[in-house]
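For reference, the structure discussed in these notes is given below.
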Amino acid sequence: MAFGKGLVAAARRFQSFDLLATLIAIIREDGTLIFANSALEDALGHSRRTLAGAAFSSCFVDASVLLNAIQGARANDFATLRYEAFLRRSSSTEPLPVQVTLAQTDTRGELVLEMTPQEQQARQDREERLLDQAQANKELIRNLAHEIKNPLGGIRGAAQLLQMEVESRDLIEYTQVIIHEADRLQTLVDRLLAPHRRPHVVGDVNIHEVCERVRAVLMAEFPNGLEIERDFDPSIPEFRGDREQLIQATLNIAHNAALALAERRLEGDAKIIFRTRVVRHVILNKQWWRLALELHVIDNGPGVPEAIQDRLFYPLVSGREGGTGLGLTLAQTFVQQHHGVIECDSEPGRTNFKITLPLP
């Protein structure tokens, strides 16, 4: 009975840790576990009731690392210690690699362990790089577009005046080329500035309606040789967002996929999959969310060229001849305006663009 009361008391004291996506354990200086948060329960495959009172070092592949760390904490050799370790999981023979942070708490004789799966840490680092890159791209695009736009109007106006003065048909053709190219550049500049000019119109969004709209557009443009499969999770709720921006972001990704499937469309076996799922306890752009949705756009094309995979979301980078290299940059901008991220995993025969958006 006393043990059960101790568990209840610990759960009350540390209940806020259940809101964290990282794995948290509170242990005594002798290494016995006092509390495990929900994320740690899920990772280990054991309930906190089962784990409480046992030596937490047994949950690691190499127990000595934790025991040595505890010994250092007892001797006050450090206030905080960070190291890498492997957790045993009941649901898998493969251990879980984690980064462990061991620190003393305000209560004497207690230590707190924060364990971040290395995959999650790598993802956070990658998202941080993407966020910094997107911000730099935004500033670069805005400044470059304005620098191009100002002299462009003068070039076009001068060409028009020159065309009115010349009588030679050949010379008029040259001035028309100048005007046409100036107009083409103006269109490109307008596309670069579009996401920064257009207001963010927020309303209720159903992600499956977004997918259906994109699917209808693709089927109208590519009626033959392309199959579009729906793999939807009907439990995903509506959320607040800009419907048109999300349609455009998804369309840019899916349209690129359809163009990359040109050879498979001729063979009649081109395929794009729209897959939606709910994920729990995710960190997006340094912010924790209890729920998020994942929209996967998967195709069976040749894959993204390896040479541009690291620069895929940079402006004016394209793996397709004749491409502007703006589609994915704009998609990333629109998704980040919804506090989400886009990731790409590509190999020959399968490319998966994953859009992750937070849910309320």
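Data table
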| item | result |
| --- | --- |
| Gain on full stretching of the segment that runs from residue 101 to residue 75 - 0.36 nm per residue minus C-alpha separation | 7.6 nm |
| Ascending count of other beta-carbon atoms within 10 Å, so fewest first, for 304, 98 | 304, 98 |
| Stokes-Einstein diffusion coefficient of the range 243-288, Kirkwood radius over Cα pairs, 4 °C, 1.567 mPa s, in µm²/s | 98 |
| Segments 164-174, 346-356 sorted - mean Cβ within 10 Å per residue, highest first | 346-356, 164-174 |
| Estimated FRET transfer efficiency (residue 263, residue 177; beta-carbon r; R0 30 Å; 0.05) | 0.30 |
| Fewest-first sequence of 33, 266 by Cβ atoms within 10 Å of each Cβ | 266, 33 |
| Separation in nanometres of the label points that stand 7 Å from Cα toward Cβ, at residue 55 and residue 82 | 2.9 |
| Residue 277-residue 344 FRET efficiency (beta carbon distance; Förster radius 30 Å; 0.05 resolution) | 0.95 |
| Convex hull (Cα only) mean projected area of the range 203-359, reported in nm² to one decimal | 8.9 |
| 334, 232, 17 arranged by Cβ crowding within 10 Å, fewest neighbours leading | 232, 17, 334 |
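Read the figures in this text as sums done on the coordinates, not as results from a lab. Everything numeric here is computed off the predicted structure, so don't read it as measured data. Every residue, glycine among them, receives a Cβ derived from its backbone with ideal geometry; neighbour counts consider all protein chains shown.
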